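Bear in mind these aren't lab numbers, they're just calculated from the coordinates by the rules spelled out. Computed from a prediction, not measured in an experiment: that's the story for all the values here. Here Cβ is always computed from backbone atoms with ideal geometry, including for glycine, and neighbour counts include all displayed protein chains.
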Amino acid sequence: MKFLWFHLMPYPDLPDDFKDKHESVWVNIDPGLFDPERGHEVYNEYIDELEFAAEVGLDAICVNEHHSNGYGLMPSPNLIASILARGTSDAAICVMGNSLALYDPPTRVAEEMAMIDCISGGRLIAGFPVGTPMDTCYAYGQNPSLLRPRYYEAIDLITKAWKADAPFAYNGRFNQQRYVNVWPRPVQKPRPPVWVPGSGSVETWRMCADNDFLYAYLSYFGYKASEAVMKGYWKEMGAMGMEPNPFQAGFLQAIGVAETRKEAEELYAEPGNYFFDTCLHLSPRFASPPGYTTEETLRARLSSQIVTAANRSNRFSGSGINRGAERKMFDEGHIIIGSPDEVADKIREAAIDLNVGNLLMLLHFGNMSRDLTNYNTRLFAEKVMPQLTDLFEDEWEHKWWPEPMDAAKRVVQSEAAE
């Protein structure tokens, strides 16, 4: 099983009364709430946390893309990924990912990801999300009914550009380029592994099966809330004749490890409340623009995590620590907490039940401090991960993981500095 340390990079200093005085953390959030000097501190702190996760042995470090929000401060994940590619040596670099429909032309993504793959020595995982409606339709003004056609065409163009051994012309519905000729070329051949993050769409599942991509379910509400979507995914994959290889799936889970469950409850209640109460304070009017969700997904009655978060925004409400909210966060599995053995047991149960071989972990969430984040990360790496690394390994091959250059040939930061 693979473990990916996923950083959302939230803004940690939104006021206690944010939910009462502001409609949404996304799209129309007051820009005056962002302090650039504090931003300087936060970005460097978050990069340190990602590099620390690589140092203690996590399989991958993961970044993503969002716009006009306090939920995640990475409008350009490639900028952060390039820093990580230079500052780490072994962990995979998962860009989860670039919202392809926002790039004109999308060959820009092909070029930048190829750069990251070269800098890292072939450690890139290329994430291709459709993008949230807040980012794509509202912050960037895309037509929701055209978003998926743009997205599919961008994937086609990028993957062809990576594989091509000569310049070629591309004439699509949205992209016309006389010369497609991506320089630099990615280290990994024929291309880096592609992961598709999603919130539950039939069309996305089928695209993953058709193109041999990995599907990663990014659930805000943990493994218990992920069951229906992951069961649906594997049912659809079976109908398309695909093997139920758990390494072709991933899911997102917030985790808080401590020496005891009591300590975990005390340590992770405040950042958990900040995450659900503030970072997920979404206005329902931004969550589901007409045309964004496809007809087939609506007929399958698959609910979007974005819509669920917006509709449940009041669930974790109240200034300060809300004890009822804590119980729901922890007892319902939104955040897995406990001693290392307890956490390992819950993850093993969830991974087997969901048939998932890649765990994307929020070991930082909400307004968690650097010290607490590193404590959580170290405990997980040293006492939880060793109990789970062999899961699925004997039965299945992981075909969706990077294949880096030989370590002896790669330039690492310390050697370059000398």
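So which cysteines in the chain don't have a second cysteine's C-beta under 4.7 Å from them?
When partners are defined as cysteine Cβ atoms under 4.7 Å apart, the chain leaves Cys118, Cys137, Cys208, Cys279 without one.
In whole Hz, what ³J(HN,Hα) sequence does the range 368-378 give by Karplus (6.51, -1.76, 1.60; θ = phi - 60°), x for Gly and Pro?
Values, residue by residue: 4, 6, 4, 4, 5, 4, 5, 4, 4, 5, 5 Hz.
In bins 10 Å wide, starting from 0, what share of all Cα pairs of the chain does each bin hold, as a percent?
Calculated over all Cα pairs of the chain, the distribution is 5, 22, 34, 28, 10, 1, 0 percent.
Between Pro77, Pro340, Pro167, find the one with the highest GNM mean-square fluctuation for the chain; connect C-alpha pairs within less than 10 Å.
Result: Pro167 has the largest fluctuation of those listed.
Please tell me which of these pairs span more than 31 angstrom C-alpha to C-alpha: Lys160/Lys399; Lys19/Lys262; Lys163/Lys231; Lys163/Lys409; Lys163/Lys346; Lys2/Lys189?
Working: Lys160/Lys399 20 Å; Lys19/Lys262 29 Å; Lys163/Lys231 33 Å; Lys163/Lys409 23 Å; Lys163/Lys346 41 Å; Lys2/Lys189 21 Å.
Too far apart for the 31 Å limit: Lys163/Lys231; Lys163/Lys346.
Report, for the chain, the % of DSSP beta bridges that are antiparallel, rounded to 5. List each step's numbers first, then the result.
Working: 4 of 37 bridges.
Once the DSSP bridges in the chain are tallied, antiparallel ones form about 10 percent.
With +1 on each Lys and Arg Cβ and -1 on each Asp and Glu Cβ, how big is the dipole of the range 2-417 about its Cα centre, in debye rounded to the nearest 20?
Numbers: 38 positive and 57 negative charges, 279 e Å.
Charge dipole of the range 2-417: 1340 debye, to the nearest 20.
So, R0 is 22 Å and r is the distance between the beta-carbons of Glu203 and Lys231; what FRET efficiency does that work out to, to 0.05?
Numbers: r = 18 Å, r/R0 = 0.80.
Efficiency, from the Cβ-Cβ distance: 0.80.
With n ≥ 4 as the cut-off for DSSP H runs, can you work out [θ] at 222 nm for the chain, using -39500 (n - 2.57) per run divided by the number of residues, rounded to the nearest 500?
Details: 14 runs with 162 residues, N = 418.
Theoretical 222 nm ellipticity from helices: -12000 deg cm²/dmol.
Distance between Cα centroids, the range 1-31 to the range 352-418: provide it in whole Å.
24
Which ³J(HN,Hα) values in Hz, rounded to whole numbers, follow from the phi angles of the range 110-121 under the Karplus curve 6.51 cos²θ - 1.76 cosθ + 1.60, where θ = phi - 60° and Gly and Pro get x?
Karplus values, whole Hz, x for Gly and Pro: 4, 5, 5, 5, 5, 4, 4, 5, 5, 4, 7, x.
So between Glu23 and Asp394, what do we pick up on full extension, going 0.36 nm a residue minus the alpha carbon distance?
Working: separation 371, 0.36 × 371 = 133.56 nm, distance 4.98 nm.
Full-extension gain reported as 128.6 nm.
Of Arg327, Arg173, Arg206, which has the largest mean-square fluctuation in a 10 Å C-alpha GNM of the chain?
Arg173
Tell me, in nm to one decimal, what length is gained between Lys262 and Ser369 on full extension, where the rule is 0.36 nm per residue of separation less the Cα-Cα distance?
Working: separation 107, 0.36 × 107 = 38.52 nm, distance 1.90 nm.
Going from the current span to full extension adds 36.6 nm.
Nearest 5 percent is fine: what portion of the DSSP beta bridges confined to the range 33-143 is antiparallel? The partial results should precede the final answer.
On the way: 0 of 8 bridges.
So the antiparallel bridges in the range 33-143 amount to around 0 percent.
What distance in nm lies between label points placed 7 Å from Cα along the C-beta direction at Arg327 and Asp35?
Result for the modelled spin labels: 3.6 nm.
Output the peptides 267-276, 231-240 sorted from most to least packed, where packing is the average of other Cβ atoms within 10 Å over each peptide's residues. Let's see the in-between values first.
Values: 267-276: 23.5, 231-240: 16.5.
My ranking of the peptides, most packed first, is 267-276, 231-240.
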